[in-house]
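Take a look at the structure set out below.
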Amino acid sequence: MIASFKSAYGDDKLYAACFDSLDEGEEGYNAARYNSEKLSAEDKEILDKADRYISTHSNGSVPPILPNEMVDEIFETLFGDSETAGSSQYQAVYGLISKQLYSQTFSRELIKERTEGYSRNIRRGVTDEYSLKIAELMMDDYEKVLEKEENHRERYDTRYANNFIGFISSEPISYIGIFLLLFSSFSAELQSGRYKAFKLTKTGAVGYSSYRIIIGILQAAVFFSVYFFALYTAVILSSGTKISSMPMQYLSGFELSHLPINFGGFVLRIYFMKLSFTLMLSAAVMLLSMVSRRIIPSAIVCLIPLAAPAALSRIDISLNENLRQMMTCDIIGMNNDIGAINIGGSPIDVAAVFFIAVIMIAVCSAAAALILSGRRGFDA
């Protein structure tokens, strides 16, 4: 994964040199802004074509390199009068930079258009109570976002940050780690008959099981935390610590997010979301290990809760979108654009609902495993 950050978008040193040439104080900011606005006014079709190409050819980690003819078309639209037009190598890099600067340039314009729409709805006398509440919430949040963005004039190299968010939203490694650590938590002792002996100890079978569950959850939490922050460290080493202060709306696809936080705060937010989901899966796997009683059936059964999120995210079935996002731990969907869910006529942060739900499931799974452990102490 760290290597993928470094290999993104071709020659890293050339890309950095070209990017820095557009970021020399106010002049660099205005040049980048002018060229991106030129694209929006004259020919957004080429940017949409690049978006479709990237989404179609993405392998889940490193964004694909755009074809030379597409890069040339972007470059000609954006930088046709640039002094660097003589170098095809620089053309390709500047074309990719223009794609990257889109989110940073247009976030404010898109948000202002959105807030004007909400404002018009309120002025026109919309009577739906939930619509009014969500409009007020979004306008309050957007006001904070705009204030944060107005204070930023720096151009951020978001390649590694975008790679990180895209990868961590769909990575399978944490699920594989949970499976290897916990699928035989209780089945080995149950199959061998050792579990019967625990009822004779001072703590008993339930006490032993409680210790095992706590240790298992801690193992999963430590594994995921080390893995997650190792990836984030790669972003910091590649982009510098200043990337943490970048408004999260500068990330690709998050231009209309209403969360008034920076990239560092967003990383912490998705860390706790993914961690809570990890703890829920850990408790579920240990419960199934207790139910299965034998190692091989346990391994097969424990794959179900780990494979279910990936399957649900790819199968086209009729599900409420918020429910699908929570069941698959879709951190992009839950934090992008309007990240609220209608509960009792009030807009509630979908991430907060998700966090409460998965923690409750984790606690219930652990409690069920403890209740079952008392019976297994006698009939193992």
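Since every read-out is calculated from the coordinates, none of them should be taken as a lab result. Computed from a predicted model, the values in this text were never measured in an experiment. Cβ placement follows ideal geometry from the backbone for every residue including glycine, while neighbour counts extend to all protein chains displayed.
Miscellaneous remarks
- Estimated inter-spin distance, R375 and K112, nm [label 7 Å along Cα→Cβ]: 6.5
- Difference of contour (0.36 nm per residue) and Cα-Cα distance, Q219 to D48: 57.2 nm
- Each eigenvalue of the Cα gyration tensor of region 161-379, multiplied by 5 and square-rooted, gives one semi-axis; in descending order these are 36, 19, 15 Å.
- For the pair I173 and I300, the difference between a 0.36 nm per residue extended length and the Cα-Cα distance amounts to 43.9 nm.
- Nitroxide proxy distance, nm - points 7 Å out along Cα→Cβ at S245 and L323: 4.5
- E150-K133 pseudo-label distance in nm [points 7 Å out on the Cα-to-Cβ vector]: 3.0
- Under the Karplus curve 6.51 cos²θ - 1.76 cosθ + 1.60, θ = phi - 60°, whole-Hz ³J(HN,Hα) for region 173-184, x wherever Gly or Pro sits: 5, 5, 5, 4, x, 4, 4, 5, 6, 10, 5, 10
- Out-of-range pairs (alpha-carbon distance over 20 Å; input K49/K112; K112/K148; K49/K148; K112/K242): K49/K112; K49/K148; K112/K242
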